[in-house]
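Single-structure report; data block below.
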Amino acid sequence: TEGWPYVVVCTHVHFDHVGGNCEFLGEGCEILMGSRDKAYTTNDKANSLAAESNAVLKKFNVDRWLTEGDRIFLNPADPDDAESLEVVFTPGHTPDSISLVYRAQKRVFSGDLVYPYTCVYVEDISEYRASIEKLMKVTESIPDCLLSCGHVEDSLPHTTLETLLSLVKQVESSELLPTSIEDTGNGEFTDGFFSILCQVPMKIYEEALPAIHQEGRLRR
């Protein structure tokens, strides 16, 4: 494949997803990202999390901004909707997150919106819930659809989205206590399969903080 053009589609601006973009700046190569929040995406110095991990993010430019419903045809010379990646805006993990629906292979590339066993950081839990519900509607029309997650699992059954949605609703309704709380006010919530890190509702924060502090589960 040396010398071939590439179309690089990034689901969001975190450095572990865009850190290799600098290798695809040659003639014929394109870098594509979602257009939902261009200001967030282009402010990669603040939003890529590279500095927090002592990483260096090399400069790159987005060649094409994707809108919801756009299709990336896998064979542009003979475009076929079934053999394309359909863009779905799925914010929550980040404001600029997208997912890609590949109907011919009954698969959704969901970026960091969902993955099991490891904690998913959630910037906005209401947007996160809406995105899960959106993907549930999309996958309902695709029998046996699998989720290719950004980490951990590349073939997660789409039916597990119901489990994740239940966890999120418990957090939103203050029914679930966090297993730990950071001094930033973020807390980790888990059902044993999925875990999310998000802002702790004030009611839960006041209830859980004394016990968590006493048990040494306050993280700094």
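For the reader, a short list of remarks on this structure follows.
- Some residue of region 31-43 being among the β-branched types (Val, Ile, Thr) and crowded, with 17+ Cβ neighbours inside 10 Å: yes
- Looking across region 130-187, just one residue is touching a strand residue (DSSP E or B) at 6+ places or on another chain (Cβ under 7 Å), open to solvent by 60 Å² or more (accessible area, probe 1.4 Å) and either part of a helix (DSSP H, G or I) or at positive phi (or both), and that is LYS134.
- LYS59, sole failed condition from (1) over 17 Å from the mean Cα position of the chain (by Cα); (2) more than 28 Å from LYS137 (Cβ to Cβ); (3) open to solvent by less than 40 Å² (accessible area, probe 1.4 Å): (3)
- Any chance TYR115 is of a type in the set (Ser, Thr, Tyr), under 22 Å from SER35 (Cβ atoms) and either open to solvent by 20 Å² or more (accessible area, probe 1.4 Å) or in contact with a Cys (Cβ under 8 Å, 6 or more places away or on another chain) (or both): no
- Every residue from region 188-204 that is touching a residue at least 40 places away in the same chain (Cβ under 8 Å) and surrounded by 14 or more Cβ atoms within 10 Å (Cβ to Cβ): GLU188, THR190, PHE194, SER195, ILE196, LEU197, CYS198, GLN199
- Every residue from region 64-74 that is at pLDDT 95 or above, surrounded by 13 or more Cβ atoms within 10 Å (Cβ to Cβ) and in a loop (DSSP other than H, G, I, E, B): GLU68, ASP70
- Residues in region 15-30 that are open to solvent by less than 70 Å² (accessible area, probe 1.4 Å) and aliphatic (A, V, I, L, M): VAL18 only.
The values are calculated or read from the model by the stated rules, or taken from the named source; none is laboratory data. Please read all numbers here as calculations on a predicted model, not as lab measurements. Note that each Cβ is placed from the backbone with ideal geometry, even for glycine, and that neighbours are counted across all protein chains shown. What goes into the accessible areas is simple: the full protein's heavy atoms, side chains included, and nothing from ligands, DNA or RNA. Shrake-Rupley method; radii C 1.70, N 1.55, O 1.52, S 1.80 Å.
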